[in-house]
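Have a look at the structure below before the remarks.
The values are calculated or read from the model by the stated rules, or taken from the named source; none is laboratory data. Predicted model only: the values in this text are computed from it and were never measured. Cβ atoms come from the backbone with ideal geometry, glycine included; neighbour counts cover every protein chain shown.
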Amino acid sequence: MGEEKTVTLDATIPTLDASQLSYEFEKARIKGATDDNVVDRYFKTENKIMPPTFEYVSSFRDPHTGTSGAAFKDTTSGKTIIAYTGTNPDTDLANDAILTDGIGIGVGTGHHYSSAYQFYEDVLKKNDLNPEDVILTGHSLGGNVAQRVALKYNAPKTIVYNSAPLYVPAGAAVGNGLIGNPLIAFASAQNIAEIESDKARFTGSVTRITTEKDPLNIGAVA
């Protein structure tokens, strides 16, 4: 047996902690947790901890696309951090790695964004927040989603870690040619056009923390 890895969540880097926590809340929801008991499942069944400066706000998972995320209030800064979950091969391989990474990002359809948009809107509305009160974050696939939400809503601040790209131009061209489905080709073209339109008017700040030669970002559009 390998050594058990311990992850310390001490709020030193709040957005990184929130990104890590989003994976755990997704796991709890995949195992059957609901809005009513997801926090109990996280603390009891998952036996996890949360930074002392974090207050749980809400979380979600879209079973059709695998898109998920969680929101926490960082009491130190007063900001609410919305963290979108990255690719989770241990619990959601088909949705994350195949449908979303391969089709949604690689081919560029962006079919996985709708529920992420709704979650962002819900968190702000239900908690009486302004965009300036929120920081978006995510790792890997979650970074892709966080950046897309930021563009759509012109969110002021986003921090992502080893983010997957918004789309891969070469992948979209080759993928649509190989698949040969006009509906997928149309969805891809529309999604890419909307991304470029939103980028043109975007005035927010996006910080991308990326390791050198990260394969996620070679030949990609961030």
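Worth a mention:
- Scanning the stretch 65-84 for residues that are at pLDDT 95 or above, in contact with an Asp or Glu (Cβ under 9 Å, 6 or more places away or on another chain) and in a loop (DSSP other than H, G, I, E, B) gives T75, G78, K79.
- Being crowded, with 19+ Cβ neighbours inside 10 Å, of a type outside the set (S, T, Y) and modelled with pLDDT under 65 is a description that applies to N95.
- Looking across the stretch 121-146, the residues that are of a type in the set (A, V, I, L, M, F, W, C), out of contact with any Leu (no Cβ under 8 Å at 6 or more places or on another chain) and more than 10 Å from A164 (Cβ to Cβ) come down to L124, L129, I135, L136.
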